[in-house]
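Student: For reference, the structure I am asking about is given below.
Values quoted throughout were computed directly from the atomic coordinates according to the rules given, and no laboratory measurement underlies them. Being a predicted model, the structure only gives us computed values, none of them experimental.
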Amino acid sequence: KEAKLKALKLTLDKMDKTYGKGAVMKMGDSVVADVEVIPSGSLGLDIALGVGGYPRGRVIEIYGPESS
């Protein structure tokens, strides 16, 4: 398990270096950048997205069980 976490950290560090800090966020991370957003209409979703809505000009992916 420790080897997997180390590999994950190295990958995330490389992505931060390549694409800039905040390119990949984990649930619970604080807001890294102040970006313009499009509100989703759902306060819970806006909070979960970490920036208050869908970040304008960015690609996001939300997935979960069907009908959720």
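Student: Counting helices only, and only those DSSP H runs with n ≥ 4, report the 222 nm mean residue ellipticity of the chain as the sum of -39,500 (n - 2.57) divided by its residues, in deg cm²/dmol to the nearest 500.
Tutor: -11500 deg cm²/dmol
Student: What list of ³J(HN,Hα) values in whole Hz, one per residue of segment 55-60 in order, does the Karplus curve 6.51 cos²θ - 1.76 cosθ + 1.60 (θ = phi - 60°) give from phi, with Gly and Pro shown as x?
Tutor: x, 5, x, 10, 9, 10
Student: Which cross-chain or sequence-distant (5 or more) residues have an amide H under 5 Å from the amide H of Tyr54, H modelled 1.01 Å from N in plane?
Tutor: Those lying under 5 Å, H to H, from Tyr54 are Ile38, Ser40.
Student: Continuing with this model, one more query. What number in nm² do you get for the chain if you take the convex hull of its Cα atoms and divide its surface by four?
Tutor: The directionally averaged projection comes out at 6.0 nm².
Student: Further question: Give me the aspartates and glutamates in straight-line cross-link reach of Lys9: C-alpha distance below 20 Å, same-chain residues under 8 apart excluded.
Tutor: Once the sequence-local aspartates and glutamates are set aside, what remains near Lys9 is Asp29.
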